[in-house]
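Colleague: Below: one structure in structure tokens.
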Amino acid sequence: MQANLNPEELDKFADLAATWWDERGPCRPLHDLNPCRLDYLRARMELSGAAIADVGCGGGIFSEALARKGARVTGIDATRELIDAAREHALESAIEIDYRLGTSSELAASDAARFDAVVCMELVEHVPDPDALLKDCARMVKPNGLLVVSTLNRTPEAYALGIVAAEYAFSLLPRGTHDYANFIKPSELARSARRYGLVLEDVSGMAYNPLTRHARLRRSPVINYFASFRRTGA
């Protein structure tokens, strides 16, 4: 079975591995968004002692934040350079995280129904088949466990700010980071998730000010948004 991977996307992110942990480098927005991501998840579950899978963990920015709050984290990514960067930084920081080079389908097969929560941050817009990714994530979550996804809405506002402003006007992200055609609406995400026993509990928007480097939750999901799902069934 062909992996749910885009080779061009893998190459794009491999090129960022060396600067992933540079808070003033091309991955600066990931560092800025991290506290907001953490706040969103902490409002929905107790992190200490929880088994959490970070699917598409990249170089480990969110994985480390979760581990520092006491979670038992498994981080998986298909880009070797990013996993190497994540492992190296965790070693330097004396943080224990189970980093694995692989795909969501591989983790779903080896660790089915193992995790209290699965987090999938800014990944669904980078894979050829978002539906397959949600299916994999659903398989990993324990019954009554949580899946949290963050992504970009397919709206004119998201195109204007997420691509034109972020990648061209202000150079917050490398050009070509996002493809507007791959953005997904919350209703589309929820419809796909329902097929795999995932019930939508919340959709919240996220606002980001690049001047203050501050991200906050907001009601409208018109640009960036979080969606949280609860897995039903046994």
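Colleague: I'd like to check which strands (runs of 3 or more DSSP E) are fully inside region 126-234 and have at least 1 residues that are more than 19 Å from the chain's Cα centre (by Cα). So that I can check it myself, show each step before the final result.
Modeller: Values: elements: 141-152, 198-209, 214-218, 224-231.
Here the list reads 141-152, 198-209.
Colleague: Ok, one more. For residues that are of a type in the set (D, E, K, R) and over 18 Å from the mean Cα position of the chain (by Cα), scanning just region 12-22, find the one that is modelled with the lowest pLDDT. I'd like the intermediate steps shown before the answer.
Modeller: Keep residues of region 12-22 that are of a type in the set (D, E, K, R), which gives 12, 15, 22.
If we keep only those that are over 18 Å from the mean Cα position of the chain (by Cα) as well, we get 15, 22.
On the way: ASP15: 93, ASP22: 96.
It comes out as ASP15.
Colleague: Here are the criteria: (1) open to solvent by 50 Å² or more (accessible area, probe 1.4 Å); (2) of a type in the set (Ser, Thr, Tyr); (3) more than 18 Å from LEU147 (Cα to Cα). Tell me which single one SER93 does not satisfy.
Modeller: (1)
Colleague: While we're here: Evaluate region 56-73: report whether one residue or more is touching a residue at least 40 places away in the same chain (Cβ under 8 Å) and open to solvent by 50 Å² or more (accessible area, probe 1.4 Å).
Modeller: The answer is no; no qualifying residue exists.
Colleague: Can you tell me how many residues in region 20-35 are in a helix (DSSP H, G or I), open to solvent by 50 Å² or more (accessible area, probe 1.4 Å) and in contact with a helix residue (DSSP H, G or I) (Cβ under 9 Å, 6 or more places away or on another chain)?
Modeller: Initially, region 20-35 is screened for residues in a helix (DSSP H, G or I), giving 28-35.
Applying the additional criterion that residues be open to solvent by 50 Å² or more (accessible area, probe 1.4 Å) yields 28, 35.
Then drop every residue that is not in contact with a helix residue (DSSP H, G or I) (Cβ under 9 Å, 6 or more places away or on another chain), which leaves 35.
Qualifying residue count, region 20-35: 1.
To keep it simple, each residue is scored yes or no on (1) open to solvent by 50 Å² or more (accessible area, probe 1.4 Å); (2) small (Gly, Ala, Ser); (3) within 19 Å of LEU33 (Cα to Cα); (4) at pLDDT 95 or above.
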{"site": "SER105", "(1), (2), (3), (4)": "no, yes, no, yes"}
{"site": "MET121", "(1), (2), (3), (4)": "no, no, yes, yes"}
{"site": "LYS135", "(1), (2), (3), (4)": "yes, no, no, yes"}
{"site": "ASN144", "(1), (2), (3), (4)": "yes, no, no, yes"}
{"site": "LEU147", "(1), (2), (3), (4)": "no, no, yes, yes"}
{"site": "ILE163", "(1), (2), (3), (4)": "no, no, yes, no"}
{"site": "SER171", "(1), (2), (3), (4)": "yes, yes, yes, no"}
{"site": "LYS185", "(1), (2), (3), (4)": "yes, no, no, yes"}
{"site": "ALA193", "(1), (2), (3), (4)": "no, yes, no, yes"}
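The values are calculated or read from the model by the stated rules, or taken from the named source; none is laboratory data. All of these numbers come straight from a predicted model, not from anything done at the bench. Methodologically, a virtual Cβ is constructed for each residue, glycine included, from the backbone with ideal geometry; neighbour enumeration extends over all protein chains shown. These accessible areas exclude ligands, DNA and RNA; they are computed on the full protein's heavy atoms, side chains included. Shrake-Rupley method; radii C 1.70, N 1.55, O 1.52, S 1.80 Å.
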